[in-house]
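First up is the structure itself, then whatever we jot down about it.
The values are calculated or read from the model by the stated rules, or taken from the named source; none is laboratory data. The structure displayed is predicted, hence computed values, not measured ones. All Cβ positions, even for glycine, are placed from backbone atoms using ideal geometry, and neighbour counts span all protein chains on display.
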Amino acid sequence: MFVPIEPRPAPVPTKGPVVWLKKNLFSSPFNTVLTIVTGAVVAFSLYNLAWFVFFDASWGQVWANMKLFAVYRYPADLLWRPLAIAAGLMFLLGGMAGVGGRGSITANTFFALQGFVAVLSVVAVVFWPSVRFLWPMVLVAGYAGYLLGRSWPRLAKLLPWAWAVWFVLGIMLLSGVTPGSGLLRVVPSRDWGGFLLTLVLFTGIIPSFPLGVALALGRNSKLPAIKYFCIAFIEIVRGAPLIMWLFIASLLLPLLLNTDANSLPAILRAYVAITLFSAAYMAENVRGGLQAVPRGQSEAARALGLSAWQTTMLIVLPQALRAVIPAIVGQAIGLFKDTSLVFIVGLVDFFRAGDLVTVQPQSLLVTGGVKLEVYLFVAVIYFFFAYRMSVASRQLERQLGVGVR
Amino acid sequence: MTEATTGSIVRADAPPGGEKIIEIEGLNKWFGDFHVLRDIYMSVNKGEVVVVIGPSGSGKSTLIRCINRLEEHQEGRIVVDGVELTDDVRAIDLVRRETGMVFQQFNLFPHLTVLENITLAPIRVRKMKKSEAEEQAMYFLTKVGIPEQARKYPGQLSGGQQQRVAIARSLTMGPKVMLFDEPTSALDPEVIGEVLDVMVNLAKEGMTMIVVTHEMGFAREVGDRVVFMDAGQIVEVGTPEHFFQAPREQRTRAFLSKIL
C-alpha cells in the first residue's frame, strides 16, 4: 500500500566564519596564494590611503571653501535662500517619509540625506560661521516634516501639490524677484554654481522623463509624421556626445530664437541641452520596456473595450516602465555625473568649483598642493548621491516585484 | 481584385427561426501573402454555442479574433449585433463592448490585483462607481468559484484560477457574445475541468458563445453546432452527434481520429 513520506527538515549547513573562509578564499592551494597576494596588495593600498587621509593630507582648503563648493558665487548674505529651499525640500521629503513609514523607500532616502545634512551641519558649525545656525535648521525642518507625516497621514494627499508649489517657489526664491539690494533681490543665474548648480541641472531628468516616454510612444506610432520625427530626434541626439550638444546649445539656441546670446542665460541653454539629450536616451530605455510587454496584454485590454490611449496608459506603460527601472536609474546616475561637463560652456558646477579651489593662491601655498584632497572630497560627495540612487532603485524594484513572478 | 473561388464553399448558417447576432459573409483574410481565411460564411443565433475545431494553423483563432477586430479582414462583411465592423473606430469600440474574449494565455494584467483586473473596464469604459464595480466583481468571482482570491495578484494564482478570473473579467462588461480562444490549451490537465465547468454553466444560462477548443466532451455537453476548419476554410458543419457518429468528409475523420 502507498504510504506518503513524511517531510524532513533540510540538513543544517555548517556555518561560521572559518567555514566561510575555507570555502570562499582557501579552497585550493592556488586560491590560497591568490587570496594572500590580493589581500596584501589591497591592505597595503588601503593603509597608504588611510595614512594620507588622516596624517599627510591638508584638508584646510576644503573646509575653508565650503561656500564655494556649495554655491560658488551666490551672494554670501543671501545663503539663507538656497538653504531655505533645501529646508523646504527636506520638509517635504520628511513628510513623504513619515507617511510612508519606517523602512519605506522615501524613509530610507530621507534618513540617508538627513545624515548627510547632519554631517554638513557639524562642518558648518566648525568651519562655516555665516551659516552655522542655518544648516541645523535644514535638519530640523526635515524632522518636522517627518513627524508631521507620521502623525497626520492625510498629508499624503497634499504632498504632490506641495512639491509642485515648492518647485516654483524655489526657483523664484533662488533667482530673486526684486531689483536693488533687498533680501529678495535678483541673483543673476551666472552667479549660481557649485553643488547648487549640479542639483539644478540634475532636475533636467524630471522633464526628460515625460519627453522620453512621449518620444518612445511616438516612435511606435502609426502616423508617419510623428514616427519619423521621433526616430530622427532620437537618433540625431544620440549620435553626438553631450559635450557637443552643450556647445551647440550655447551657440545654436540664441540663433534659433533669434536673440542675443547674452539674453539667454548659459544655465538655461545647458539645461535645455541636458534635458533633450537625456530624453533621447530615456526614449530608448522606455522603448525597450514597451517591447518587453507581451502583445496579449494590449489585446486583452482592447477586447475589454479600453481605448488605445487607456490601454497604453493603464496597461502597457506601467508594465514597460517597471521593466526598465534599473536602466532609468542608471541613466539618472549617469546624468548626475555628466552635469560636470557644463564647465565646457563656462559654468561652474560642483566639480569645476573643486578645480577652482585647487588653483587658489592659498592652495598653491600648501606644499604639494591640495588637488588630491579636493578631488577625493568631490568624489565622496558624488559617490554618496549616486550610491543612494542605486540603493533606492533596488528597493523600488523589490517593492514593485509584488505578485509579478 | 482576387481570383475567383475554385473550391467548394461550406456555409455555417445558424438554424432558421433564431435571432441572428453574428453574421459573417464572404470573409477573406491574408497575413501578407498567406491566405489565412478563405470565403467564410457563418452566422450565429442568440444563445447558441458554436464550437470551432481544427488543426493548428487552420485559421480558427484568426476567425474569432476577426469578430472583435483584433485582426482586420480584407474582404467580406462581419456584423455583430447589427453593427458592421469597418475602419470606424466607434463601431469597433461598440462591438468590443458587446463581446467578451478569453485567451489561451489568460492575459491577465500582472501589475493589477484580481479585483483591479476585473473592475478596470467597468470603471474606465462603463464609468461605473468603484464600489459598485467591486460589488459586481465579487459577484462574478463568486460565480467562477474564487471570491477569496480577490486581493491577490495573478502571478499568485494557478493557471485554472487565472483563467476563471479572465472569464469573470469578461463577464463584468455584460457581453452579449463570449469568444473563447483555446481557453484550456495552456492548462494542466488537472485544472481543465474547473474552467470547463464555468463555461458549461455559462452556456446553460443562455450565453451566446463561440469556442475554439479541442474539448469534445464540452462540445457534446453544451455545443449546438460544431464547425470543423482546415487550411482557412470551413470543411464541415454539424451537431456534435454528427461529428461523433458519422462525419462526412475524409479530412474530418482523419482529424477526429487523432483528438478523440
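Here are the numbers:
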{"item": "Residue match in the range B:122-141 (condition: under 23 Å from residue B:64 (Cβ atoms) and more than 11 Å from chain A (Cβ to nearest Cβ))", "result": "yes"}
{"item": "Qualifying residue in the range A:359-374 (condition: loosely packed, with under 15 Cβ neighbours inside 10 Å and within 20 Å of the chain's Cα centre (by Cα))", "result": "no"}
{"item": "Residue A:126 vs. criteria of a type outside the set (D, E, K, R), free of Cβ contacts under 8 Å to residues at least 12 places away in the same chain and exposed (fewer than 15 other Cβ atoms within 10 Å of the Cβ)", "result": "no"}
{"item": "Among the residues listed as B:62, B:113, the single one being touching a helix residue (DSSP H, G or I) at 6+ places or on another chain (Cβ under 9 Å) and at pLDDT 90 or above", "result": "B:113"}
{"item": "All positions within the range B:163-180 that are farther than 19 Å from residue B:150 by Cα and either facing chain A (nearest Cβ under 9 Å) or surrounded by 24 or more Cβ atoms within 10 Å (Cβ to Cβ) (or both)", "result": "B:179, B:180"}
{"item": "Pair list, Cβ < 7 Å and 6+ apart or interchain, from the range B:75-101 residues that are facing chain A (nearest Cβ under 9 Å) to residues that are modelled with pLDDT of 90 or more and part of a helix (DSSP H, G or I)", "result": "B:96/A:302; B:96/A:303; B:99/B:67; B:100/B:170; B:100/B:171; B:101/A:303; B:101/B:170"}
{"item": "Out of A:311, A:275, sole residue that is in contact with a Lys or Arg (Cβ under 9 Å, 6 or more places away or on another chain) and either within 12 Å of another protein chain (Cβ to nearest Cβ) or crowded, with 20+ Cβ neighbours inside 10 Å (or both)", "result": "A:311"}
{"item": "Pair list, Cβ < 8 Å and 6+ apart or interchain, from the range A:95-115 residues that are in the same structural domain as residue A:154 (by TED's automatic domain parsing) and assigned to a loop (DSSP other than H, G, I, E, B) to residues that are modelled with pLDDT under 95 and among the aliphatic types (A, V, I, L, M)", "result": "A:101/A:107; A:104/A:97"}
{"item": "Filter result (more than 38 Å from the chain's Cα centre (by Cα), surrounded by 12 or more Cβ atoms within 10 Å (Cβ to Cβ) and assigned to a loop (DSSP other than H, G, I, E, B)) within the range A:14-36", "result": "A:26, A:27"}
{"item": "Residue match in the range B:17-39 (condition: buried (at least 18 other Cβ atoms within 10 Å of the Cβ), without any contact (Cβ under 8 Å) to a residue 24 or more places away in the chain and of a type outside the set (Phe, Trp, Tyr))", "result": "no"}
{"item": "Test for residue B:158: is it surrounded by fewer than 19 Cβ atoms within 10 Å (Cβ to Cβ), within 13 Å of another protein chain (Cβ to nearest Cβ) and closer than 21 Å to residue A:297 by Cβ", "result": "yes"}
{"item": "Single residue of the range A:208-248 satisfying the filter (surrounded by 13 or more Cβ atoms within 10 Å (Cβ to Cβ) and not in a helix (DSSP H, G or I)) that is farthest from the chain's Cα centre (by Cα)", "result": "A:221"}
{"item": "Residue, farthest from residue B:62 (Cα to Cα), within the range B:237-260, restricted to residues that are part of a helix (DSSP H, G or I) and of a type in the set (A, V, I, L, M, F, W, C)", "result": "B:244"}
{"item": "Meets criteria (closer than 30 Å to residue A:230 by Cβ and surrounded by fewer than 13 Cβ atoms within 10 Å (Cβ to Cβ)) for residue A:200", "result": "no"}
{"item": "Residue match in the range A:299-308 (condition: assigned to a helix (DSSP H, G or I), among the small types (Gly, Ala, Ser) and either farther than 30 Å from residue B:69 by Cα or more than 14 Å from chain B (Cβ to nearest Cβ) (or both))", "result": "no"}
{"item": "Residue B:202 vs. criteria free of Cβ contacts under 8 Å to residues at least 60 places away in the same chain, touching a strand residue (DSSP E or B) at 6+ places or on another chain (Cβ under 8 Å) and more than 12 Å from chain A (Cβ to nearest Cβ)", "result": "yes"}
{"item": "Test: residue in the range A:253-271 that is hydroxyl-bearing (Ser, Thr, Tyr), farther than 29 Å from residue B:89 by Cβ and either without any contact (Cβ under 8 Å) to a residue 24 or more places away in the chain or not assigned by TED's automatic domain parsing to the domain that holds residue A:196 (or both)", "result": "yes"}
{"item": "Enumerated helices (runs of 4 or more DSSP H) restricted to the range A:316-405, each holding at least 3 residues that are within 14 Å of chain B (Cβ to nearest Cβ) and under 29 Å from residue A:190 (Cβ atoms)", "result": "none"}
